[in-house]
Amino acid sequence: MRRRLLPLLIVPALALTACSGTSTTTATDDPAPSAAQSVTPGASVAPSESTKEKGSSEPSAAPAGRLVPYDEWQADPASYADSDVVLYFAASWCHNCQDTDASLEADGVPAGLTLVKIDYDERTDLRQEYGVTVQHTFVLVDEGGTRQDIWTGTTTGADIAARAA
């Protein structure tokens with residue numbers, strides 16, 4: 001009987017200590033983000049003013065990653081010159097494309113990368129222009145939209161960014 005009661009007494013005691021609301025951490029001038037803070041996937045977190053070194057010669061951080069439709073990118077490609085631009089030819093029925101989309105939704109687009117999503121089925125003109133023959137194809141382009149590299153098979157934003165770098 002005593003063995004059955006022991007767990008019944010320990011569990012409430014642990015719950016009380018875990019929910020007591022007391023904290024052993026102390027405040028500092030530069031606190032780390034707490035687990036309760038929410039960060040949007042793919043978003044960059046800028047350092048606080050207190051952590052920035054005045055007169056630092058470090059390069060500025062890469063811009064936040066973006067996933068944009070082709071028409072938006074085409075309207076002003078120069079506004080994306082601060083990042084690597086990769087055209088992403090995708091089809092809604094493609095399992096690899098679905099995996100990539102799920103990964104990008106979960107993890108976000110890495111900083112410094114702009115993915116330009118193009119409907120593989122509808123944009124046959126762009127498929128021909130960039131030499132795309134299968135869905136789930138990625139095309140790295142320069143500021144003028146000229147093809148620099150082409151590949152298939154990557155399914156995460158990190159892998160796409162690594163290939164584009």
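Any read-out appearing in this document is the output of simple, stated calculations on the displayed coordinates, not a laboratory observation. Not measured: the values here are computed from a predicted model. All Cβ positions, glycine included, derive from the backbone under ideal geometry; neighbour counts span all protein chains shown.
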In nm, the gap between the two label points placed 7 Å beyond Cα toward Cβ at Asp121 and Val68 is 2.6
Scalar couplings 3J(HN,Hα) for the range 153-164 by Karplus 6.51 cos²θ - 1.76 cosθ + 1.60 (θ = phi - 60°), nearest whole Hz, x for Gly and Pro, are x, 7, 10, 10, x, 4, 5, 5, 4, 5, 5, 6
First select every other residue whose beta carbon is under 14 angstrom from the beta carbon of Asp125; then total the charges, Lys and Arg +1, Asp and Glu -1. -3
Looks like the range 94-165, by Cα gyration tensor root eigenvalues a ≥ b ≥ c and the a/c under 1.5 rounded cutoff (else prolate when a/b is bigger than b/c, oblate otherwise), is oblate
Note down the magnitude of the dipole of the range 66-164 about its Cα centre, charges +1 on Lys and Arg C-beta and -1 on Asp and Glu C-beta and zero elsewhere, to the nearest 20 debye. 220
